[in-house]
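The values are calculated or read from the model by the stated rules, or taken from the named source; none is laboratory data. Please read these numbers as outputs of a predicted model, since none were measured by experiment. Cβ coordinates were reconstructed from backbone atoms using ideal geometry, including for glycine residues, and neighbour counts include every protein chain displayed. Quick note on the areas: whole protein, heavy atoms, side chains included, nothing else; ligands and nucleic acids left out. Shrake-Rupley method; radii C 1.70, N 1.55, O 1.52, S 1.80 Å.
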Amino acid sequence: MKERIRLYLGIDGGGTKTAVTIITDTRAVVGEGTGGPGNIAVTAEPVLRRSVLEGVSQACAIAGLEIADTHFAGVCAAMAGYSDEERRQRFFELLKGLVKADRYRIEPDYVAAYWGATLGEPGIVVIAGTGAVAYGRNAEGESYREDGLGYLLGDRGSGFNLGLHALRYTLDRMKEGNVDRLAAAVLEFTGAQSQSGIVRWLYGDFVPAKVAELAPVVGALADEGDRAARDLVAKMARCLRHSVRQVRHKLWLPRDVPVYMLGGLWNIGSFFRSEFIQPTWRVEGEGDDLSGGRFLIGTPHADAAYGAALLALEASLTGS
């Protein structure tokens, strides 16, 4: 296999897991593996090294290969934290020391997610987890990203954004002396009994993912019909719809272009998903614009690690 078939390695590095896929030049998968955290902006270099090595070693073993003896035609690592240029360059050097290849490529994680979901066909991925980003590509190969600016500057409609709105809502209800069902659920989740308790919970050992863990609490209440929870969830769905519509507009994509819903936030409940696909809920006190039509939702063809492998193959074929 090593002599007759050219192999391509895809790496998808996320906050908690690094997924790896090996494909041939016919796009067939011959090996898969997983390692630990792979966000290059926040993960320590020794951990990154171990994560990549574990994932690639597992994938090579399944393919009947030894990592030390394998020379790939192309490697693409699609990594969270891509925007940190200094860390990205350091990771590039680390990757070259771990894996032998003719070509190396590093891309943002959402680009590989797009390629995995669409196999390179025109479409839009909307990724909603702790953060949020929408990314698409048209038939001419033009691409556009909306949001994905992080929890301080953007990530509208993300799990962090929803959790933060829920915390603010709870503080307002406590100030009014009117702790309703949603506020009570937030207090129970955080273990706080006062406004200062919520502040301590938020800023003590602060990480965005902790705030995003409130999202399923709000989503469950929204599914049960709680108005306050539905208002917050509907706002998040509108934010993500706006991002998708911006991508569609910038790329001149047709209204029926497939939209792929990726990321853990889509699992918080059916109300959130339905409001994204076609909004019907009118948020109390706001003149909501429910226009924009129904999105055509596509079923992803593959995951981001496979998408990264396709990018490695494309780089080899085009010489980019």
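Things to note:
- A convex hull fitted to the Cα coordinates of the chain yields 134 cubic angstrom per residue.
- Charge dipole of segment 240-280 (Cα centre as origin; +1 on each Lys and Arg Cβ, -1 on each Asp and Glu Cβ, all else neutral): 160 debye, rounded to the nearest 20.
- Taking the average, over residues, of other Cβ atoms within 10 Å as the packing measure, peptides 302-315, 219-232 rank 302-315, 219-232 from highest down.
- About its Cα centre, segment 52-134 has a charge dipole of approximately 80 debye under the convention of +1 per Lys or Arg Cβ and -1 per Asp or Glu Cβ, with nothing else charged.
- Global form of segment 1-124, assessed from the alpha-carbon gyration tensor, a/c cut-off 1.5: oblate
- Cα-derived Rg to Rh of segment 164-218, Kirkwood definition: 0.93
- Accessible surface for L94 stands near 10 Å², nearest 10, in the context of the full protein assembly shown (1.4 Å probe).
- Whole-percent carbon and sulfur share, accessible surface of segment 116-207, 1.4 Å: 49 percent
- V133 - accessible surface, heavy atoms, 1.4 Å probe, Å² rounded to 10: 20 Å²
- Mean Cβ count within 10 Å, highest first, over the residues of peptides 238-245, 18-25, 263-270: 18-25, 238-245, 263-270
- Taking a Cβ cut-off of under 12 Å around T43, the surrounding Lys, Arg, Asp and Glu residues balance to a net charge of +3, with basic ones at +1 and acidic ones at -1.
- For segment 25-71, trypsin sites (Lys or Arg not before Pro) are listed when DSSP marks them as loop and at most 16 other Cβ atoms sit within 10 Å of their Cβ; the list is R27.
- Between Q58, Q89, Q246, the Gaussian network model of the chain with springs among Cα atoms under 10 angstrom shows the greatest mean-square fluctuation at Q89.
- Charged-residue dipole, Cβ positions (Lys, Arg, Asp, Glu), the chain about Cα centre, Debye nearest 20: 180 debye
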